[in-house]
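In what follows, a structure is listed as structure tokens, so that the remarks can point back to it.
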Amino acid sequence: MIKAVMVMNTQGKPRLAKFFDFLPVEKQQELIRRVFGVLCSRPENVSNFIEAESIFGPDSRLVYNHFATLYFVVVFDSSENELAMLDLIQLLVQQTLERCFKNVCELDIVFNYSKVRSCNKCYLIHPEICFQLAK
């Protein structure tokens, strides 16, 4: 099960965060800070897969991808495939956001937040529909 989807810039500012379990805002902010702390301390030549049990509790994993100035992060449990989650990030960025914004950047996410959020939500629930809408 996917627990969270986050997009943050290289300074740690969250640009999009969706938690699928209810968490108070303060807890969400703490988790985002802790995730960023882990991401920014990792060298570029290591795996994009992280055991996130110390951050999100038992049986939690994190996968991320770094595009330009943005980190795209998915947190999930062991029932999901790590490579599928990495592919989900890739497809979300390349097939959905790139089609919507033509070379997506951080400013597109900041100034078109509702469009990005609806694309993200749509893509996680019905990727085939969102792919058709993005054309």
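The values are calculated or read from the model by the stated rules, or taken from the named source; none is laboratory data. The model shown is predicted, which means the values in this text are computed figures rather than measured ones. Because the Cβ atoms are built from the backbone with ideal geometry, glycine has one as well, and the counts that use them run over all protein chains shown. Just the protein is used for accessible areas: all its heavy atoms, side chains included, with ligands, DNA and RNA removed. Shrake-Rupley method; radii C 1.70, N 1.55, O 1.52, S 1.80 Å.
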Inset, instruction - May I ask which residue of PHE22, PHE49, LEU62 lies farthest towards the positive end of the charge dipole of the chain, with charges of +1 (Lys, Arg) and -1 (Asp, Glu) on Cβ and the Cα centre as origin? - result: PHE22
Legend entry - Dipole of the chain [Lys/Arg +1, Asp/Glu -1 at C-beta], most positive-end residue of VAL38, TYR113, LEU97: TYR113
Legend entry - Estimated dipole of the chain in Debye, rounded to 20 [Cβ of Lys and Arg +1, of Asp and Glu -1, Cα centre]: 580
Inset, instruction - Based on a Kirkwood Rh over C-alpha pairs, give the Stokes-Einstein translational diffusion coefficient of the chain at 37 °C and viscosity 0.692 mPa s in µm²/s. - result: 217
Legend entry - Separation in nanometres of the label points that stand 7 Å from Cα toward Cβ, at LYS27 and LEU91: 3.0
Legend entry - Amide H partners (placed H, <5 Å) of ALA52, local residues excluded: SER60, ARG61, LEU62
Legend entry - Taking the C-alpha atoms of the stretch 45-117, convex hull volume expressed per residue in Å³: 108
Legend entry - Percent carbon-and-sulfur accessible area, the stretch 26-71, ignoring ligands, DNA and RNA, probe 1.4 Å: 50
Inset, instruction - Provide the per residue accessible area, probe 1.4 Å, for the chain, rounded to a whole number of square angstrom. - result: 56
